[in-house]
Amino acid sequence: MPDTPAPIWPPRKAAAEPTSAATRVAEIVAAAEHAAEELRVEAERRASDRIAEADRAAELRVQAADEEATQVRDEATRYERDERDKAVASARVLLGEARMTAREVLHDGEEIAGHVRELADSLRANAERLLRDIRDVHEELVSRLDRADPSNWPGGEPTPAPAPPAAPVERAPELDVPEFIPTPTGRLQR
């Protein structure tokens, strides 16, 4: 029986063929749905992983930004403190210089006031000396005028008197104002 085809095992039933095609389609659909479910689950897992990774990256960025903000704030605080310290030091130097200048002005003012007092004392003494000299000259002039007045002559009437001998005319002493030179001790030299 070489011409006969080999039997198919298990033998197919002719009526069962449509049912087996439907089953086969159902199996393929089920396998496709199962594969689609696996793909969906895998896609969700990957999406979750990527979201988690993005959350971690965002958290790291926020943390880095916080650290950078802290560094900037710390640096700004140090800069502000350094600048304040420099300003305080500069102000102290300026105040020291101003106080020293104020002391020098006071010293110079006291020195000038002392010189003015000494000058005033000297002017007062010179004024008194000048007044004495003027009074002496006045008395001398009045005395000369009194001697020249005919009513003071003996006998009351003027008589021509012989010309007195040419005697040297007494001159009043020369008056001069002394120079004032301040000395280191604050006293004026005369």
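Here PRO182, PRO178, PRO165, PRO158 are screened, and the one residue that is loosely packed, with under 10 Cβ neighbours inside 10 Å and at pLDDT below 85 is PRO165. Every test in (1) open to solvent by 100 Å² or more (accessible area, probe 1.4 Å); (2) modelled with pLDDT of 90 or more is passed by PRO5 save one, and that test is (2). The combined condition, being of a type in the set (D, E, K, R), open to solvent by 80 Å² or more (accessible area, probe 1.4 Å) and more than 39 Å from the chain's Cα centre (by Cα), is not fulfilled by GLU68.
The values are calculated or read from the model by the stated rules, or taken from the named source; none is laboratory data. Quick caveat, the model's predicted, so the values are computed rather than measured. Every residue, glycine as well, gets a Cβ built from its backbone with ideal geometry; the counts of neighbours run over all protein chains shown. In case anyone asks, the SASA skips ligands and DNA or RNA and just uses the protein heavy atoms, side chains included. Shrake-Rupley method; radii C 1.70, N 1.55, O 1.52, S 1.80 Å.
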